[in-house]
Amino acid sequence: MKTKLLDGGSRKDIKTAADILKRGGLCAMPTETVYGLAASAFDPSAVEKIFEAKGRPQDNPLIVHISDTRELYKLWEEVPESALKLAEAFWPGPMTMIYRRKKTVPDAVTAGLDTVGVRLPAHETARRLIAEAGVPLAAPSANLSGRPSPTSVKHVLADMDGRIDCILDGGDCSVGVESTVVDMTSGTPRILRPGAISEEMIAGVLGSAETDPAVTEGLKKGERPRSPGMKYRHYAPKAPVRLFCGAPDDSVKVLLGQSGDAAALVFDEYLDEAKKRFEKVLPFGESWDHDAHKRILFAALRELDTEKAIFVQEPRVFGRGAAVANRLKRAAAFDCVSCTEYTVIGVTGRSGSGKGFVSAELSKALDLRHFDADVVYKSMLSSDGEMKRRVCEAFPDCVADGGIDRRALGRIVFADPSKKRLLESLTHPFVKLAAEEFVKKNRGAVIDAPLLFESTIDRLCTITVGVYCDDETSLRRILSRDGITEEAARLRLSAQPGTDFYGRRCDVMLDNRTSADLAPVIAKLIKK
Ligand code: TXA
Ligand code: MG
């Protein structure tokens, strides 16, 4: 069969693809997660062709894609209120919900299960194709079974050229890992496959959510998987994969110390070092950048496919890191080298967000010592030592009676970003070193650091937590605590990055408008 390459941006080409689907053919379509291999969901013989083209085990059900939430009523026996709430929050987007199916949904789609998974994708081309075909589309990822999912047309061609009727080119996938699969059949939504929509985000809408233990631990011997996909060796390149797990500064050391022939996938900040040790090294994005890890993962595994072995620096696994951690653990068949001995929780956020309170609670609950980066910084600034000497040298106007006038220093740096950067580049290495020593001495720590990422202390952490609240609450807290004027407090807040800065970087975000809601979140952090 000749596979037609079509333009996902062209209405005419989308219509051509829709006609192919209506006649029972197969079309690879772009979605924001990965490319899907689509067939009309109500045409059992077309659906069977998907299994053939992929070499997919017959007992692994397919996800049905819709272009409008109302189509749920065609597929499910009923539509629960909770599902509508999640749809409202996250559709169109990278989330699949599973619920009891209508009898009219073919067995070929559900592999005989009495439930069906449904998703409304965010990619414009996919939605147009579904609407134009006039029928929901069953679509697994468009790779050969067992291979990494395709995130570009190149990957689809590599696996599917000659096996399917057409491919709609919609560019590279913006998310890069498959959708979050959530089972909605019981009271608490249960994640069967983590994706870009995290457990915390779902719990944020419905009050609670849980992740199936098989996601993180693998299936126990003889255990029946809740999702058939859980039991297959998945996402695997041909080369064996070994993971190096833990805080980035630790995992890189162990990874670089390995002997033997391998290619490496490491965080951008360690790229130069890694290139000295390995011939082939790919960048995995910055260590905090969960979005980059998702986008890069599958393309990197494919690119390193023919290497003898692949060493991967594993991103932090908690919260937003769960999706990539899950794919990597399966690609590596759970071959993980643990590189961090201690639990190190980094807590950060804007002034007055309440991170001090959260840190104190965490350190109590986890029996870890509390490292307050601000306190350490201030004490190093006032006691004679190398850091103070360098600051005096760089900011002579702030020196009074042999000491540093912190208010004067504050006035200068909060008003001038370049001065602020200068001060931070001088002081951060000292504070980070102190944190590192503290962690070693106390066998772990909760590190409370407003500049967790800027100081690169996050690279010592096994979990990063961002704390946020609204600006007026922050302001009230600063005023009652620090005894400064409202103007000074506002200046301080305006000099800091917004909440989205922390949201993009932290593994989890805690809403701390009131402290009352924190207990269950902290309990969960402890459990993990
Ligand atoms: O992002 C995605 O979900 C992509 C794009 C194309 O939408 N699709 C995708 O499909 O990843 P696939 O077939 O590669 O993975 C579907 C997963 C499998 O692990 C399957 O076992 C599970 O979802 N699944 C589907 N229907 C299910 C059901 N009724 N009950 C339990 N698990 C189900
Ligand atoms: Mg798949």
Please pick out the residue among 68, 59 that is exposed (fewer than 15 other Cβ atoms within 10 Å of the Cβ) and either within 13 Å of ligand 1 (Cβ to nearest atom) or under 19 Å from residue 37 (Cα atoms) (or both). 59
Between 458, 416, which is in contact with a Ser or Thr (Cβ under 8 Å, 6 or more places away or on another chain), among the acidic types (Asp, Glu) and either more than 26 Å from residue 510 (Cα to Cα) or modelled with pLDDT of 95 or more (or both)? 458
Matching entry among 74, 103, 85 (being more than 12 Å from ligand 1 (Cβ to nearest atom), in a loop (DSSP other than H, G, I, E, B) and over 13 Å from residue 138 (Cα atoms)): 103
Select the strands (runs of 3 or more DSSP E) contained entirely in the range 307-401, then report the ones holding at least 3 residues which are crowded, with 24+ Cβ neighbours inside 10 Å and touching a residue at least 60 places away in the same chain (Cβ under 8 Å). 310-313, 344-349
Applying the selection to the range 140-184, what residues are aliphatic (A, V, I, L, M), within 30 Å of residue 206 (Cβ to Cβ), outside any strand (DSSP E or B) and away from ligand 2 (no atom under 16 Å from the Cβ)? 184
Output the residue which, of all residues in the range 191-245 that are basic (Lys, Arg) and under 14 Å from residue 327 (Cα atoms), is nearest to the chain's Cα centre (by Cα). 193
What are the residues in the range 102-122 that are within 30 Å of the chain's Cα centre (by Cα) and more than 19 Å from residue 179 (Cα to Cα), if any? 111, 113
Given the residues 162, 195, 176, 134, which is the only one that is more than 9 Å from ligand 1 (Cβ to nearest atom), closer than 26 Å to residue 68 by Cβ, at pLDDT 95 or above and out of contact with any Leu (no Cβ under 9 Å at 6 or more places or on another chain)? 134
Hey, among 189, 140, which residue is within 10 Å of ligand 1 (Cβ to nearest atom), modelled with pLDDT of 95 or more and not basic (Lys, Arg)? 140
What are the pairs, 6+ residues apart or on separate chains, where a residue within the range 85-106 that is crowded, with 21+ Cβ neighbours inside 10 Å has its Cβ under 8 Å from a residue that is at pLDDT 95 or above and aromatic (Phe, Trp, Tyr)? 99/76; 101/76; 105/42
Subset of the range 231-279, residues of a type in the set (Lys, Arg) and closer than 19 Å to residue 331 by Cα, comes to 231, 233, 238, 242
Go through the range 296-309 and give me each residue that's within 18 Å of residue 248 (Cβ to Cβ) and out of contact with any helix residue (DSSP H, G or I) (no Cβ under 7 Å at 6 or more places or on another chain). 296, 300
Out of the residues in the range 107-122 that are in a strand (DSSP E or B) and not polar (S, T, N, Q), which is nearest to ligand 1 (Cβ to nearest atom)? 117
Given the conditions (1) away from ligand 2 (no atom under 16 Å from the Cβ); (2) closer than 22 Å to residue 34 by Cβ; (3) of a type outside the set (S, T, N, Q); (4) modelled with pLDDT under 95, and given that residue 232 satisfies all but one, which numbered condition is not satisfied? (1)
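The values are calculated or read from the model by the stated rules, or taken from the named source; none is laboratory data. A quick note: this is a predicted structure, and the numbers were derived from the prediction, not measured. Backbone-built Cβ (ideal geometry, glycine too); neighbour counts: all protein chains shown.
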